[in-house]
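Below is one structure, written out as structure tokens, with a few remarks after it.
The values are calculated or read from the model by the stated rules, or taken from the named source; none is laboratory data. Keep in mind the model is a prediction, meaning the values are calculated, not measured. Because the Cβ atoms are built from the backbone with ideal geometry, glycine has one as well, and the counts that use them run over all protein chains shown. Heavy atoms of the whole protein, side chains included, go into the accessibility calculation; ligands, DNA and RNA do not. Shrake-Rupley method; radii C 1.70, N 1.55, O 1.52, S 1.80 Å.
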Amino acid sequence: MATVELTKENFDQTVSENPFVLIDFWAGWCRPCLQFAPVYEKAATANPDLVFAKVDTEAQQELAAAFDITSIPTLMIVRDQVAIFAQPGALPEAALTDLIGQARALDMDEVRAKIAAEQDKTASAGEPGSGTPEA
């Protein structure tokens with residue numbers, strides 16, 4: 001399967017309709033991006049059950065800004081609409097294969113439970129009345 005070009009128009013639909021999406025943030029002038037492209041394409045061919053997508057940061061500056069992409073290439077993995085990995089840098093083939101295996105092995109119920117626990121902690125830390133007693 002060829003990679004999917006993501007834009008701000010199709011991003012939400014692509015991520016919501018597919019349980020496992022890898023996203024390569026790249027630009028045509030970026031030498032490491034161009035070197036990573038064949039590795040990414042090979043992984044896409046080897047994993048036809050996953051969606052491999054690309055965001056051209058020059059053409060989709062708003063989308064890149066929404067994800068605070070400051071260095072390219074940046075690889076992001078979204079599973080069940082949760083970003084479980086995001087890291088700049090071109091990965092060698094073996095590292096990308098290993099990363100995909102680790103992402104596949106994640107228990108997403110456990111991931112969601114950890115996110116909910118963190119959100120609960122953050123919410124309770126910011127509630128009025130927690131901390132200093134009222135006068």
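Any idea which residue in segment 14-38 is surrounded by the fewest Cβ atoms within 10 Å (Cβ to Cβ), counting only those that are closer than 16 Å to Pro88 by Cα and in contact with a helix residue (DSSP H, G or I) (Cβ under 7 Å, 6 or more places away or on another chain)? Checked segment 14-38; the qualifying residue surrounded by the fewest Cβ atoms within 10 Å (Cβ to Cβ) is Ala27. Would you please list the contacts, defined by Cβ atoms under 9 Å and residues six or more apart or on different chains, that run from a residue in segment 93-113 that is under 27 Å from Pro32 (Cβ atoms) to a residue that is assigned to a helix (DSSP H, G or I) and open to solvent by 90 Å² or more (accessible area, probe 1.4 Å)? Sorted first by the residue in segment 93-113, then by its partner, the pairs are Glu93/Lys42; Leu96/Lys42.
Can you pull out the residues in segment 93-107 that are within 23 Å of Arg31 (Cβ to Cβ) and open to solvent by 30 Å² or more (accessible area, probe 1.4 Å)? Passing the criteria: Glu93, Ala94, Ala95, Thr97.
When Gln35 is tested against (1) modelled with pLDDT of 95 or more; (2) outside any helix (DSSP H, G or I), exactly one condition is not met: (2).
Residues that are under 15 Å from Phe11 (Cα atoms) and in contact with a strand residue (DSSP E or B) (Cβ under 8 Å, 6 or more places away or on another chain) do occur in segment 82-97. Taken together, the residues in segment 15-37 that are within 18 Å of Thr74 (Cα to Cα) and free of Cβ contacts under 8 Å to residues at least 60 places away in the same chain amount to 16.
Pick out, from segment 39-92, the strands (runs of 3 or more DSSP E) lying fully within it that include 1 or more residues that are open to solvent by 10 Å² or more (accessible area, probe 1.4 Å) and basic (Lys, Arg). Break it down into steps so the answer makes sense when it comes.
Details: elements: 51-56, 74-79, 82-88.
Correct list: 51-56, 74-79.
Taking the stated definitions as given, is Ala83 among the small types (Gly, Ala, Ser), under 14 Å from Leu6 (Cβ atoms) and at pLDDT below 95? Spelling it out, Ala83 is indeed among the small types (Gly, Ala, Ser), under 14 Å from Leu6 (Cβ atoms) and at pLDDT below 95.
Of the candidates Asp98, Asp49, the single residue that is more than 15 Å from the chain's Cα centre (by Cα) and within 24 Å of Lys114 (Cβ to Cβ) is Asp98.
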